[in-house]
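Undergrad: Got a structure for you, questions after.
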Amino acid sequence: MASSSSAKKVARVAARSGGGAKANKQSAWLFPAAIVAIVALGVGIVVFARSKNAGIGSNDEKPRARLTDSSAYDHWHASFAINVCGKEQPPVQDVQEDILGIHTHGDGLAHIHPFSLRASGKRATMGKFFDQVGLVVTDDGFKGSDGKVYKAGETTCGGKPTEVVLAHWKDATTAASNKPDQIIRSDFRSVRFSENLGAFTLAIVPKGTTDIAPPSSSAEIESLGAQDGGTSGGTSPTPEGTIPSEGDPTASTPDTEAPPTTAANG
């Protein structure tokens, strides 16, 4: 009986030893499998991040995006205003977090220093700025973030029929004494920021007029832009620091025009 009892003990020890070996084998492959999974996850994150810019184009055309901390990128400014029948409206404000690098500080400027190829070069467009500040703009009207609507044919200036235009000056610093370099009458969202220190006025005016005032911020564009790290040359060799509702635009009577009348507000 003693030998039988001993045999059973030996069998139990052997069974436990077998289970330990099995556990050791599991541990042996679980650790490298975990390492492989972690590496795969890291590669996936990198691939996903790169896919944000994949197929978009190069970073050679200005304004260049800041893709790495060490590469040169561009930090541009453009003065911007909304003008209704000769009356400049309050400066627009951001309505959402800036994820592309085109925004405002509520200072009458568009700040253009792209974070992504999606907003660099020819993709640095007015449409991205409109979205950032909550402006809905079509060929015949616009709606501010406050909900007020101005529309050609419904909004009039002193009883005169109107149109919506985007006036562009290539040099904001001299815009006050010059006519616009270009008056754009359609496809406003696709208009690009093509130079540093330009100026834009989105306006509803009597049809056919070229007498459009530049943004009041134009005269101070260089000093305003310098406050957040931009340079007159428009190139920032090192990363900028942190990035950070429009009030009710009135349509009071300007000196030369009667106030606009608007049939639709929504």
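The values are calculated or read from the model by the stated rules, or taken from the named source; none is laboratory data. As the structure is a computational prediction, the values presented were derived from the model and not from experiment. All Cβ positions, even for glycine, are placed from backbone atoms using ideal geometry, and neighbour counts span all protein chains on display. These area figures cover heavy atoms from the full protein model, side chains too; ligands, DNA and RNA do not enter into them. Shrake-Rupley method; radii C 1.70, N 1.55, O 1.52, S 1.80 Å.
Undergrad: Would you check which residues across segment 97-131 are of a type in the set (A, V, I, L, M), under 11 Å from the mean Cα position of the chain (by Cα) and open to solvent by less than 60 Å² (accessible area, probe 1.4 Å) and list them?
TA: Leu100, Ile102, Ala110, Ile112, Ala119, Ala124, Met126
Undergrad: Could you list, in sequence order, all residues of segment 172-201 that are under 14 Å from Ala110 (Cα atoms) and in a loop (DSSP other than H, G, I, E, B)?
TA: Scanning segment 172-201 gives Val191, Phe193, Ser194, Glu195, Asn196, Leu197.
Undergrad: Can I ask one more? Can you name every residue in segment 165-204 that is crowded, with 22+ Cβ neighbours inside 10 Å and touching a Ser or Thr at 6+ places or on another chain (Cβ under 6 Å)?
TA: Result: Ala167, Ala172, Ala175, Ala199, Ile204.
Undergrad: For Thr162, indicate whether it is surrounded by 15 or more Cβ atoms within 10 Å (Cβ to Cβ) and closer than 12 Å to Ala78 by Cβ.
TA: no
Undergrad: Further question on the same structure: Which residue is nearest to Ser218 (Cα to Cα), if the candidates are limited to segment 101-153 and must be part of a strand (DSSP E or B) and among the basic types (Lys, Arg)?
TA: Top of the filtered list is Lys143.
Undergrad: Just checking, does segment 86-96 include any residue being open to solvent by 10 Å² or more (accessible area, probe 1.4 Å), at pLDDT 95 or above, within 16 Å of the chain's Cα centre (by Cα) and under 17 Å from Glu61 (Cα atoms)?
TA: So far as segment 86-96 goes, no, none of its residues is open to solvent by 10 Å² or more (accessible area, probe 1.4 Å), at pLDDT 95 or above, within 16 Å of the chain's Cα centre (by Cα) and under 17 Å from Glu61 (Cα atoms).
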